[in-house]
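Peer 1: Submitted below is the structure of interest, expressed as structure tokens.
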Amino acid sequence: MSRRLAHVLVSAAFAALVALAFSRVHYAWNWSAVWEYRDKFIQGWLTTVALSLAALVASTVIGAAAAVCLQSRHVIVEAIGRVYVELIRGTPLLVQLLIGFYVIANAIGLENRFVVGVLVLSLFSGAYMAEIFRGGLAAIPQTQRDSARAIGLTPWQSLRLVILPQAVRLVLPAVAGQLVSLVKDSSLLSVIAISEFTLNAQEVNAMTYSTLESFLPLAAGYLVLTLPLSALSRWLEGRFRYEA
Amino acid sequence: MKLEITGLTQRFGATTVLDQLVLATGDIQALVLVGPSGGGKSTLLRILAGLDVPVAGSVAFDGTILPRNEEALRLYRRSVGTVFQAYNLFPHLSALDNLLLPLVHVHGLSRQAAIDRVREPLERFHLSPHAHKRPAELSGGQKQRIAILRALVVQPRRIFLDEPTSALDPEMTAEVLEMIGELKALGTQFVLVTHEMGFARRAADDVAFIGEGRVLAHGTAGFMFDHCPEPRVRGFFDRIVA
Amino acid sequence: MLAVVACLALAAAAAPAAEPLRVGMELSYPPFEMTDPQGRPTGVSVRLAEALAKHLGRPLVIENISFDGLIPALKTGRIDCIISSLTATPERSKSIAFSEPYLRTGLAILVGSRSPVQSAADLDVKGRVIAVKKGTTGHHYATTALKQARTLVLDKENTAVLEVVQGKADAFIYDSLSIYQNHKRHPDTTRAILAPFREETWAVGLRQGDETLRGQVNDFLKAFHAAGGFERLGDEFLPEEKRAFRERGIPFYF
């Protein structure tokens with residue numbers, strides 16, 4: 001049996017199980033009401049896409065910067081990186097959002113909740129990225145750096161030509177996982193009233209007095225975002241393999 | 001090359017690895033460093049290759065003292081070549097790209113000029129069929145030979161080899177040693193750290209025995225292997241050489 | 001004699017053990033639904049639920065569920081009824097059934113001290129930002145009636161209040177009692193427009209078709225009212241509010 005066929009069969013079996021569970025809930029389904037509000041779903045989905053893309057880019061940059069700090073020999077610089085990573089990884093995103101928006105952003109007069117939401121989400125994800133990058137950098141044998149130096153490459157050339165290409169290959173699976181998490185974590189931005197996908201779906205539920213109908217489009221909407229990310233990651237891993 | 005080392009001291013943390021090491025050679029082609037593990041051979045080689053800076057002392061090749069600041073050392077490193085025990089090659093590049101990298105990015109050759117330059121050495125050492133493979137597809141011996149080539153194609157003044165065969169099985173060890181022997185025949189200057197005593201004896205002009213952070217004995221290959229009075233050296237050879 | 005005992009024993013064995021009454025509420029709405037410092041549910045609705053359960057002779061189980069999850073929980077059978085300061089609306093009546101109302105109140109507005117809003121009419125103006133709590137009648141009002149203003153949907157009362165306090169929102173639409181309490185808490189940064197611009201009644205939420213329970217609840221509410229139960233609850237939990245509202249001439253009575 002080919003791998004793709006197996007994937008499809010298992011997915012179908014899983015979907016059947018879920019459908020079975022849904023059918024046993026005694027509940028009056030009202031799909032037309034949900035269809036009426038499809039614009040709200042789409043708007044929310046687009047907002048989630050925008051949030052995720054922005055946070056994706058920002059968190060990669062922040063994570064890379066933090067990883068560099070963590071490797072630094074300057075005590076203060078390393079401390080900044082370490083405190084940032086431990087603090088952010090050790091507290092829930094919910095808490096960071098509430099404090100970030102209602103306390104910190106408020107204090108500095110930053111009013112745009114979309115910007116604050118993206119910032120908080122990026123800082124959150126960036127801390128995990130930093131550890132992923134740091135692990136990737138640490139996994140590169142010291143001889144690689146020695147060889148690069150021995151050839152006479154400048155530190156910047158070493159980084160660009162030798163270290164980063166290897167680090168990228170090493171961290172790709174973990175980074176892809178982190179990006180998928182980011183897309184899903186973006187749903188929490190609803191607590192500061194950002195009109196993203198999950199909140200919009202919940203509003204449709206509330207407005208149509210339905211409960212469960214919105215969940216299926218909701219799950220499907222997220223899968224549309226996360227499955228391509230995973231597929232892209234697997235494809236890149238294949239391209240970057242050391243055996244050509 | 002004429003090598004002159006005075007008062008060379010190196011420390012890592014609280015450990016002193018090289019202790020006022022002194023060495024002076026005549027104008028030789030091949031210097032081999034031997035001695036027990038942890039005695040300081042590799043540390044010395046790294047300093048000679050311009051990778052590390054000693055805490056004290058000086059090194060001079062043909063009268064030119066090695067600089068101590070990183071910028072100048074980098075320029076020095078561009079003029080020499082270094083081969084380590086393993087993980088020399090960059091795994092994300094093909095063997096050919098590994099060879100081209102220093103030529104293009106450090107020595108400013110165009111890619112085509114670089115390809116032209118490496119063609120003949122690849123042929124000479126029978127490595128052309130492997131040029132487009134990635135290191136993961138090469139045997140240990142092939143990887144080391146490509147690494148040596150990479151050090152050579154930049155036309156260095158001399159090359160440094162730190163136990164290039166220690167991670168290889170006997171067959172691959174032989175093919176790498178054969179290549180180094182060819183280099184000797186071609187006139188390439190090198191400093192080699194090795195445990196391969198048979199090869200050292202054949203290929204070396206001078207042999208220096210490094211132990212306890214110092215040169216315990218130094219002389220021609222013949223002298224060192226057959227007539228060396230230093231008991232620690234005799235004892236070492238007796239144990240190692242069959 | 002033996003026969004009588006045997007019959008009684010049989011009768012007792014035949015009568016099933018009373019099934020628990022599962023009441024859903026969101027325990028974050030003092031003084032109606034809240035927890036005491038030890039973490040036990042307490043408040044007006046909790047007392048009401050306790051009295052109802054006693055009246056029905058069933059053990060009480062209180063399920064703490066977030067407000068917008070109450071109707072779903074009722075519909076899927078996870079709870080038997082909702083006693084959570086739930087407003088009876090025509091829209092909700094499409095989904096669930098209601099008992100007779102037990103409290104009259106209305107929607108009021110908590111306004112930021114620097115906002116130009118003076119009354120409900122000022123809400124639907126372009127550029128206004130109105131905060132509401134997800135799933136409430138305030139949320140419903142904002143969705144249906146406020147076309148020009150921007151609506152912020154928050155899932156908790158306290159973040160909605162924070163939005164007004166910090167000037168991020170002009171107003172928060174919620175029930176008059178909570179508006180009063182929140183204004184007391186933030187006297188300098190908010191104003192309260194307590195006169196309800198929409199009157200509402202609270203009732204017990206029930207599944208459509210569950211006529212037995214509905215009848216029982218209505219009987220209970222009548223009896224409870226007649227016995228002065230609501231008066232006692234008002235005195236126990238809302239003495240100050242009762243007085244304050246009466247002074248302002250604002251409707252607030254069971």
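Peer 1: Report the FRET efficiency, 1/(1 + (r/R0)^6), for B:Asn69 and A:Ile80, where r is their Cβ-Cβ distance and R0 is 25 Å, rounded to 0.05.
Peer 2: 0.30
Peer 1: Alpha carbon centre of the stretch B:59-134 versus the stretch A:105-149: separation in Å?
Peer 2: 34
Peer 1: Let me ask you something else. Quick check on the protein assembly as shown: of the DSSP beta bridges with both residues there, what percent are antiparallel, nearest 5%?
Peer 2: If I count the DSSP bridges inside the protein assembly as shown, around 60 percent turn out antiparallel.
Peer 1: In whole angstrom, how far apart do the alpha carbon centroids of the stretch C:43-69 and the stretch C:89-146 sit?
Peer 2: If we compute the Cα centre of each part, the gap is 26 Å.
Peer 1: Would you work out the charge dipole size for the stretch B:92-242 about its Cα centre, treating the Cβ of every Lys and Arg as +1 and the Cβ of every Asp and Glu as -1, and quote it to the nearest 20 debye?
Peer 2: Here the stretch B:92-242 has a charge dipole of around 400 debye.
Peer 1: Mind checking the angle between helix B:140-152 and chain B's longest principal axis? C-alpha axes, 0 to 90 degrees, to the nearest 10.
Peer 2: Roughly 90 degrees between the two axes.
Peer 1: Report ³J(HN,Hα) in whole Hz for each residue of the stretch A:96-104, in order, from the Karplus equation J = 6.51 cos²θ - 1.76 cosθ + 1.60 where θ = phi - 60°; Gly and Pro get x.
Peer 2: Residue by residue, the stretch A:96-104 yields 4, 5, 5, 5, x, 8, 7, 10, 6 Hz.
Peer 1: Within chain B, what percent of beta bridges assigned by DSSP are antiparallel, to the nearest 5?
Peer 2: 55
Peer 1: If I fit a long axis through the Cα atoms of helix C:44-56 and take the longest principal axis of the Cα atoms of chain C, what angle between them do I get, 0 to 90°, rounded to 10?
Peer 2: 20
Peer 1: Enter the mean number of other protein chain beta carbons within 10 Å of the beta carbon of each residue in A:200-208, as an integer.
Peer 2: Average neighbour count from other chains, rounded to a whole number: 4.
Peer 1: Here is a further query. Is the C-alpha gyration tensor of the protein assembly as shown telling us rounded, prolate or oblate? Criteria: a/c under 1.5 is rounded; beyond that, a/b larger than b/c is prolate, otherwise oblate.
Peer 2: Since a/c reaches 1.5 and a/b is larger than b/c, the shape of the protein assembly as shown is classed as prolate.
Peer 1: Still on this structure: Based on other C-beta atoms within 10 Å, arrange B:Met197, B:Met179 from fewest to most.
Peer 2: Working: B:Met197 17, B:Met179 21.
Neighbour counts put them in this order, fewest first: B:Met197, B:Met179.
Peer 1: Rounded to the nearest Å, what's the spacing between the alpha carbon centres of the stretch C:228-245 and the stretch A:47-101? Just the number, please.
Peer 2: If we compute the Cα centre of each part, the gap is 51 Å.
Peer 1: Continuing with the same structure: With runs of 4+ DSSP H residues as the only contributors, calculate the mean residue ellipticity of the protein assembly as shown at 222 nm using -39,500 (n - 2.57) per run, divided by the residue total and rounded to the nearest 500.
Peer 2: My calculation for the protein assembly as shown gives -16000 deg cm²/dmol from helical runs alone.
Peer 1: Then there is this: Sort chain C into rounded, prolate or oblate with this rule: let a ≥ b ≥ c be the square roots of the eigenvalues of the Cα gyration tensor; rounded if a/c is under 1.5, and if a/c is not under 1.5, prolate when a/b is larger than b/c, oblate otherwise.
Peer 2: On the way: a/c = 2.56, a/b = 2.10, b/c = 1.22.
It comes out prolate by the Cα gyration axes.
Peer 1: Name the GluC sites (Glu not before Pro) in the stretch A:166-244 that are in a loop by DSSP and that have at most 15 other C-beta atoms within 10 Å, would you?
Peer 2: On the way: sites: A:Glu196, A:Glu203, A:Glu213, A:Glu237, A:Glu243; in loops: A:Glu196, A:Glu213, A:Glu243.
Listed in order of number, the matching sites are A:Glu243.
Peer 1: Rounded, prolate or oblate, given the Cα gyration tensor of the stretch C:105-199, with a/c below 1.5 counting as rounded?
Peer 2: rounded
Peer 1: Answer with one residue from C:Thr87, C:Leu152, C:Gly234: the one whose Cα lies farthest towards the positive end of the charge dipole of chain C, charges on Cβ with Lys, Arg +1 and Asp, Glu -1.
Peer 2: Selected residue: C:Leu152.
Peer 1: Along the charge dipole of the protein assembly as shown, which of B:Met172, B:Gly39, C:Thr212 sits closest to the positive end, that is, farthest toward it, with unit charges on the beta carbon of Lys, Arg, Asp and Glu (+1, +1, -1, -1)?
Peer 2: It is B:Met172.
Peer 1: Another one. Return, ordered by residue number, the residues of the stretch B:176-195 whose backbone nitrogen is under 17 Å from a label point located 7 Å along Cα→Cβ of B:Gln155.
Peer 2: Flagged as within label range: B:187-189.
Peer 1: Across peptide B:90-102, how many C-beta atoms of other chains are within 10 Å of each residue C-beta, on average?
Peer 2: Whole-number average of other-chain Cβ neighbours for B:90-102 is 4.
Peer 1: Choose one of B:Phe225, B:Leu138, B:Leu93: the residue whose Cα lies farthest towards the positive end of the charge dipole of the protein assembly as shown (beta-carbon charges +1 Lys, Arg; -1 Asp, Glu; about the Cα centre).
Peer 2: B:Leu93
Peer 1: For B:Gly211, list long-range residues whose amide hydrogen, built 1.01 Å from N in the peptide plane, is under 5 Å from its own amide hydrogen.
Peer 2: Counting only residues 5 or more places away or on other chains, the set is B:Leu216.
Peer 1: Could you give me the ³J(HN,Hα) list for the stretch A:145-150, computed from phi with Karplus coefficients 6.51, -1.76, 1.60 and θ = phi - 60°, whole Hz, x at Gly and Pro?
Peer 2: 5, 4, 4, 4, 5, 4
Peer 1: With the cut-off at 23 Å, tell me which of the pairs C:Lys94/C:Lys222; C:Lys75/C:Lys242; C:Lys126/C:Lys168; A:Lys184/C:Lys134; C:Lys147/C:Lys168 have Cα atoms farther apart than that. Kindly include the intermediate steps, with their values, before the conclusion.
Peer 2: Numbers: C:Lys94/C:Lys222 25 Å; C:Lys75/C:Lys242 34 Å; C:Lys126/C:Lys168 15 Å; A:Lys184/C:Lys134 20 Å; C:Lys147/C:Lys168 19 Å.
Going by Cα-Cα distance, C:Lys94/C:Lys222; C:Lys75/C:Lys242 fall outside the 23 Å limit.
Peer 1: Which cross-chain or sequence-distant (5 or more) residues have an amide H under 5 Å from the amide H of C:Thr42, H modelled 1.01 Å from N in plane?
Peer 2: For C:Thr42, the qualifying residues are C:Met34, C:Thr35, C:Asp36.
Peer 1: Let me check I've understood the local charge: for A:Phe41, count other residues with C-beta under 14 angstrom from its C-beta, Lys and Arg +1, Asp and Glu -1. What total comes out?
Peer 2: -3
Peer 1: What list of ³J(HN,Hα) values in whole Hz, one per residue of the stretch C:237-242 in order, does the Karplus curve 6.51 cos²θ - 1.76 cosθ + 1.60 (θ = phi - 60°) give from phi, with Gly and Pro shown as x?
Peer 2: Going residue by residue, I get 10, 10, x, 5, 5, 4 Hz, with x marking Gly and Pro.
Peer 1: Within a 10 angstrom radius of the beta carbon, how do A:Thr143, C:Thr159, A:Thr91 rank from fewest other beta carbons to most?
Peer 2: On the way: A:Thr143 16, C:Thr159 19, A:Thr91 12.
The most exposed by this proxy come first: A:Thr91, A:Thr143, C:Thr159.
Peer 1: Between C:Gly106 and residues 5 or more places away or on another chain, which pairs have amide H atoms under 5 Å apart, with H built 1.01 Å from N, and which residues are they?
Peer 2: Answer set, sorted by chain and number: C:Ser176, C:Leu177, C:Glu200.
Peer 1: Next question. Could you check the simple spin-label distance between C:Asp219 and B:Thr16, using points 7 Å along Cα→Cβ, in nm with one decimal?
Peer 2: The answer from the label model is 10.1 nm.
Peer 1: Dipole size in debye (nearest 20) for the protein assembly as shown around its Cα centre, Lys and Arg Cβ +1, Asp and Glu Cβ -1?
Peer 2: So the magnitude is around 780 debye.
Peer 1: Turning to a different aspect of this structure: Taking 7 Å along the Cα-to-C-beta vector as the label spot, tell me the A:Ile42-B:Val55 distance in nanometres, rounded to one decimal.
Peer 2: 7.2
Peer 1: Measure off 7 Å from each Cα along the Cα-to-Cβ vector at B:Ala174 and B:Asp238, then give the distance between these two points in nanometres to one decimal.
Peer 2: 3.1
Peer 1: Continuing with this model, one more query. Going by alpha carbons, how many degrees (0 to 90, nearest 10) lie between the helix axis of A:215-240 and the longest principal axis of chain A?
Peer 2: 30
Bear in mind these aren't lab numbers, they're just calculated from the coordinates by the rules spelled out. Since the model is a prediction, treat every value here as computed from it, not as a measurement. As a convention, Cβ positions derive from the backbone with ideal geometry for all residues, glycine included, and neighbour counts pool all protein chains shown.
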